[in-house]
1. Can you find, within the stretch 158-195, the residue that is farthest from Val59 (Cα to Cα) among those that are part of a loop (DSSP other than H, G, I, E, B) and among the aliphatic types (A, V, I, L, M)?
2. Specify which of the listed residues (Leu52, Leu58, Leu43) is modelled with pLDDT of 95 or more, closer than 22 Å to Ala230 by Cα and not polar (S, T, N, Q).
3. In the stretch 42-77, how many residues are without any contact (Cβ under 8 Å) to a residue 40 or more places away in the chain and either over 18 Å from the mean Cα position of the chain (by Cα) or not in a helix (DSSP H, G or I) (or both)?
4. Return the only residue of Arg105, Arg99 being assigned to a helix (DSSP H, G or I), farther than 24 Å from Thr191 by Cβ and either under 17 Å from the mean Cα position of the chain (by Cα) or hydroxyl-bearing (Ser, Thr, Tyr) (or both).
5. Restricting the search to the stretch 208-218, which residues are buried (at least 21 other Cβ atoms within 10 Å of the Cβ) and in a helix (DSSP H, G or I)?
6. What are the pairs, 6+ residues apart or on separate chains, where a residue within the stretch 222-251 that is within 10 Å of Gly60 (Cβ to Cβ) has its Cβ under 8 Å from a residue that is in a helix (DSSP H, G or I) and of a type in the set (A, V, I, L, M)?
7. Could you say which residue among Thr191, Thr221 is surrounded by 23 or more Cβ atoms within 10 Å (Cβ to Cβ), farther than 14 Å from Gly108 by Cβ and at pLDDT below 90?
Amino acid sequence: MTSTIGMIEPGRPDPADRADGMAVVCRGVTKTYGSGSSAVRALRGVDLEVRLGEMMMLVGPSGCGKTSLISVIAGVLDRDGGECSVFGEDFARMKSARRTLFRGRTIGFVFQAFNLIPTLTIAENVAVPLLINGSSMAAAVRQARAILGEVGLGDRWTDPPARLSGGQQQRVAIARALVHHPRLIVCDEPTSALDHATGEKIMEILRSTAVGTDRSLVVVTHDSRIFQFADRIARMDDGMIVGISGADGTP
């Protein structure tokens, strides 16, 4: 595989050249679970910027705050303090209905557990975000079939998840995350249950379909084998970002 990490593809402008080139901006974000002597400070003043058009990976030991951070960024967890905006919008300043609408249209999720509904076909699983956003079933399934073709499962659209391998189910999860054309895709350990070859294929799909000039991707991972796919890597420890570098280790 030829890596393009650290380079800008032809026709893809460098996000740094854009005045509004940030997809996510976090400043001093804090999050504490519990209170008193049992309180756990999951995030301790996180500063992070994710540029438009990049894949940012969050790495670090278990319990260091990675999942809490992406949950705050995605608007599924309220922060205690600091600021966090996604494409200039702050979930903390939104009413519940607008938050749900913005998240449903703007953010795609790829979970560590595939979270596919076993009683639905894979096309129906992929169609779920479109249905939530108001599409008809027929239109949603047509669009789902099209994106399943992009991830190499166009001929399996009537199958239930149980007939697919782990790698194929992860492709379905990716298709579901992308089907409504979100501008931010958030992935929690997308390769943890996969062998190395399948994990690389999954990352190649994410890299080619999820990263563009107007969208970004944040990946939480322990899998050092996929670091090469990142544009930048943010290292976390004890609830803080302790360093950010390119995939090759350079600042």
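1. Result: Leu164.
2. Of the residues listed, the single one that is modelled with pLDDT of 95 or more, closer than 22 Å to Ala230 by Cα and not polar (S, T, N, Q) is Leu58.
3. Within the stretch 42-77, residues that are without any contact (Cβ under 8 Å) to a residue 40 or more places away in the chain and either over 18 Å from the mean Cα position of the chain (by Cα) or not in a helix (DSSP H, G or I) (or both) number 4.
4. Every option except Arg105 fails the conditions.
5. The answer is Ala210, and nothing else.
6. From residues that are within 10 Å of Gly60 (Cβ to Cβ), the pairs are Met236/Leu69.
7. Matching residue, one of Thr191, Thr221: Thr191.
Yes or no, residue by residue, for (1) touching a Gly at 6+ places or on another chain (Cβ under 6 Å); (2) closer than 21 Å to Glu150 by Cα; (3) of a type in the set (Lys, Arg); (4) modelled with pLDDT of 90 or more:
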position	(1), (2), (3), (4)
Asp231	no, no, no, yes
Arg235	yes, no, yes, yes
Gly239	yes, no, no, yes
Gly243	no, no, no, yes
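The values are calculated or read from the model by the stated rules, or taken from the named source; none is laboratory data. Predicted model, so just to flag it, every value in this text is computed and none were measured. Counting neighbours? That spans all protein chains shown, and the Cβs are built from the backbone with ideal geometry, glycine included.
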